[in-house]
Amino acid sequence: MTRLKTRTRALRTLAAPFTVAAPTGARIRTRLRLPPQDADVLWQVGRHLGSHYRADLAARVRIGTVSAKETRRAERKKALTAVSSSRWAGAMTRRSEDQYQLAMRTLRAEVVSLARTVKVIRSRLAVPCGQRAGRISGYPTRSERTAKQRRLHVLTARLDAARNRLESGHPTIVLGGRRLLGTRHHLDHTGLTEHEWRRRWDAARVFLTADGESGVPYGNYTIAVDPTDGSVSLVLPVPMRHLANSPRGRYRLACTVAFSHRREEWLDRVTANRAVRYDITFDARRGRQYLDASWSTPAVPQPAPEDLAGERLLGVDLNADHLAACVIDGHGNPIGNPHTIPLDLSGSTTTRDGRLRAAITELIRHARQHGCAGIAIENLAFTDARTTGRETMGRGRRGKAFRRTVAGIPTGRFRDRIAGMSHHAGLVVIAVDPAYTSRWGGRHWHAALSRQTTHSRATRHHAASLVIARRAHGHGARRRPGVTRARTEDRAGRATGQTGSRAMGARIAKGPPRTPRTTPMGKTRQRHGGTPATQASRTVREAAGQHTSGIGELGRRRPINQERSRPIDAPDADS
């Protein structure tokens with residue numbers, strides 16, 4: 001009889017959980033309700049400064065990758081001062097440097113992504129159709145193999161071009177957005193007229209950004225907002241000083257502004273003359289203007305995951321259409337019923353961001369209601385999957401649907417939003433390794449959650465959120481590690497056994513195993529059995545080290561919908 005060979009794949013090492021850093025800045029927004037005359041003046045100023053900013057950015061790209069002292073910033077700033085002002089020129093040169101560095105980081109990421117994709121395609125092309133070479137499988141059909149060969153040539157050309165740009169230090173930057181630029185050639189499909197497109201294109205390319213400066217009145221001299229009456233004024237560029245309606249070449253807007261969100265923090269800064277940056281943006285779709293105020297905040301040290309031992313945590317599993325949450329105590333036991341928050345990410349960018357914020361607000365409310373000290377999330381970005389695309393995420397209709405689902409999950413935006421909002425709510429965000437959370441949660445916790453849930457139906461996503469929270473506390477995913485079935489020797493051991501002197505694997509020398517009694521949670525209960533002589537004999541064997549029991553390392557199994565839980569080291573009531 002031949003033995004079938006089975007392939008086993010080693011589990012990867014899990015990364016340690018870490019605390020997500022608190023945000024180091026703040027940004028608030030209010031609307032500018034401008035009369036037509038003021039709107040026209042701002043539009044002229046923004047287009048004038050935007051044209052000079054684009055010229056300065058092009059000059060910075062031509063310089064290439066050089067040290068900070070060789071960027072010729074002083075020379076460029078002097079040329080810009082003649083057509084604007086010294087402060088406007090300083091803001092433009094700083095913005096050009098930031099934009100250039102961002103473009104270089106994006107170019108490096110593109111090179112890495114293309115290199116990975118080319119490597120995967122080449123490895124699969126090296127295997128004949130329909131065959132396997134180790135863990136690499138060839139393409140199933142000749143037509144698909146031919147299409148991949150053609151795509152390999154296209155990707156190789158793109159990779160070579162990206163590497164050349166990276167080596168020369170000349171990235172491609174489209175101010176206004178490459179997508180909006182491509183829309184110009186497909187106006188019939190977008191439903192836009194040429195005038196509407198031109199309006200959006202010009203609105204995306206204006207420049208009205210004024211960096212803050214500590215020590216000047218209200219923290220910004222270029223764009224000043226008076227906290228007493230909410231008036232807004234700005235310095236006009238030199239060629240447009242004839243439009244000034246205030247002393248020293250300033251233009252005062254007829255409207256007033258008032259910040260609602262984080263107003264007290266903004267008032268503390270402007271009244272103390274601390275730096276505040278202002279940005280005036282145009283929304284061509286709605287025909288509105290907005291004023292954004294931003295400032296940096298000092299870094300706040302966050303507690304380590306070990307500092308939250310014994311505290312309750314809210315585990316969150318992010319999915320394409322909902323958030324699954326579950327509360328655990330310090331011992332890893334679930335508390336109450338799992339919670340589901342719908343998450344609809346359809347619509348415009350603003351609509352999706354608003355719905356995401358509403359879902360996070362509901363998470364924070366749920367965490368506060370249960371007295372949680374923090375929220376545990378997955379450190380998930382689908383980096384490898386997004387990089388190689390269909391080569392690792394499936395082909396055909398199912399693969400395309402899966403790739404579309406992965407692309408629609410806002411992992412980065414969710415992590416940034418929940419970190420900032422939780423910090424202001426007094427909660428700590430802990431990121432854990434996402435490996436095997438859904439698989440192990442469904443295997444070890446789904447059935448138990450389904451039996452104990454009273455008001456809602458528990459899913460595998462809720463079980464995954466429970467594993468995420470347990471991992472943030474340092475517990476494993478299994479409810480009782482090392483025990484796959486009820487054993488006789490377990491009746492004298494602890495349910496979870498964080499500590500103990502007995503080793504795993506020993507059996508009672510005599511007598512058949514007794515059938516254990518189990519609770520609805522599947523936990524083996526201890527029996528009071530045996531005559532005094534039997535109990536005495538058992539005591540002698542235990543003293544001699546012959547009777548051992550399995551000792552685990554995870555939390556004690558208690559009923560899920562019970563708010564209070566027993567400490568880990570507490571013995572059973574029957575022992």
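The values are calculated or read from the model by the stated rules, or taken from the named source; none is laboratory data. Bear in mind that the values here come from a model prediction, so they are computed numbers and not experimental data. Heads up, the Cβs are rebuilt from the backbone with ideal geometry, glycines too, and the neighbour counts pull from every protein chain shown. Calculation scope for accessible area: heavy atoms of the full protein, side chains included, ligands and nucleic acids excluded. Shrake-Rupley method; radii C 1.70, N 1.55, O 1.52, S 1.80 Å.
Listed values, structure above:
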| read-out | value |
| --- | --- |
| Odd one out for A359 among (1) touching a strand residue (DSSP E or B) at 6+ places or on another chain (Cβ under 9 Å); (2) more than 26 Å from A16 (Cβ to Cβ); (3) in contact (Cβ under 8 Å) with a residue 40 or more places away in the chain | (3) |
| Given (1) open to solvent by less than 70 Å² (accessible area, probe 1.4 Å); (2) free of Cβ contacts under 8 Å to residues at least 24 places away in the same chain; (3) not in a loop (DSSP other than H, G, I, E, B), index of the condition V154 fails | (1) |
| Residues satisfying the stated conditions in the range 308-323, i.e. at pLDDT 90 or above and either under 13 Å from A367 (Cα atoms) or open to solvent by 20 Å² or more (accessible area, probe 1.4 Å) (or both) | E311, R312, L313, L314, G315, V316 |
| Set V41, V83, V20, V45: member being open to solvent by less than 30 Å² (accessible area, probe 1.4 Å) and more than 21 Å from A224 (Cβ to Cβ) | V20 |
| Qualifying residue in the range 173-187 (condition: modelled with pLDDT of 90 or more, closer than 27 Å to T117 by Cα and touching a Leu at 6+ places or on another chain (Cβ under 7 Å)) | yes |
| Those residues of the range 64-105 which are at pLDDT below 95, within 21 Å of G169 (Cβ to Cβ) and β-branched (V, I, T), in sequence order | T65, V66, T71 |
| Exclusive hit being within 30 Å of K78 (Cα to Cα) and charged (D, E, K, R), set R262, R241 | R241 |
| Residues satisfying the stated conditions in the range 26-84, i.e. over 17 Å from G176 (Cα atoms), part of a helix (DSSP H, G or I) and touching a Lys or Arg at 6+ places or on another chain (Cβ under 8 Å) | A59, R60, I63, R76 |
| Every pair of residues 6+ apart whose Cβ atoms lie under 7 Å, when the first sits in the range 87-113 and is without any contact (Cβ under 8 Å) to a residue 12 or more places away in the chain while the second is of a type in the set (A, V, I, L, M, F, W, C) and open to solvent by 10 Å² or more (accessible area, probe 1.4 Å) | none |
| Condition check for D229: over 23 Å from H52 (Cβ atoms), touching a residue at least 12 places away in the same chain (Cβ under 8 Å) and either surrounded by fewer than 17 Cβ atoms within 10 Å (Cβ to Cβ) or of a type outside the set (D, E, K, R) (or both) | yes |
| Boolean, G169 is more than 30 Å from R124 (Cβ to Cβ), modelled with pLDDT of 90 or more and within 29 Å of the chain's Cα centre (by Cα) | no |
| Matching option when the condition is without any contact (Cβ under 8 Å) to a residue 40 or more places away in the chain, closer than 30 Å to A15 by Cα and outside any strand (DSSP E or B), among D307, D268 | D307 |
| Of the criteria (1) out of contact with any Lys or Arg (no Cβ under 6 Å at 6 or more places or on another chain); (2) charged (D, E, K, R); (3) closer than 26 Å to L57 by Cα; (4) in contact (Cβ under 8 Å) with a residue 12 or more places away in the chain, which one R198 fails | (4) |
| Some residue of the range 326-347 being open to solvent by less than 50 Å² (accessible area, probe 1.4 Å), of a type in the set (G, A, S) and in a loop (DSSP other than H, G, I, E, B) | yes |
| Residue that is most open to solvent (accessible area, probe 1.4 Å) [pool: residues in the range 48-62 that are without any contact (Cβ under 8 Å) to a residue 40 or more places away in the chain, within 23 Å of E167 (Cα to Cα) and out of contact with any helix residue (DSSP H, G or I) (no Cβ under 7 Å at 6 or more places or on another chain)] | A55 |
| Residues located in the range 63-76, provided they are under 24 Å from V238 (Cβ atoms), open to solvent by 70 Å² or more (accessible area, probe 1.4 Å) and not aliphatic (A, V, I, L, M) | R72, R73, E75 |
| Qualifying position, being at pLDDT below 70, farther than 29 Å from S450 by Cβ and not β-branched (V, I, T), among A381, A304 | A381 |
| Neighbours by Cβ (under 6 Å, 6+ apart or cross-chain): first from the range 290-304, more than 30 Å from L253 (Cα to Cα) and open to solvent by 70 Å² or more (accessible area, probe 1.4 Å); second part of a loop (DSSP other than H, G, I, E, B) and modelled with pLDDT under 95 | A299/T24; V300/A22 |
| Selection status of G176, part of a loop (DSSP other than H, G, I, E, B), open to solvent by less than 50 Å² (accessible area, probe 1.4 Å) and free of Cβ contacts under 8 Å to residues at least 40 places away in the same chain | yes |
| Number of the exception - A89 against (1) under 25 Å from A204 (Cα atoms); (2) open to solvent by 60 Å² or more (accessible area, probe 1.4 Å); (3) of a type in the set (G, A, S) | (2) |
| Checklist (1) out of contact with any helix residue (DSSP H, G or I) (no Cβ under 8 Å at 6 or more places or on another chain); (2) at pLDDT 95 or above applied to L208, failing item | (1) |
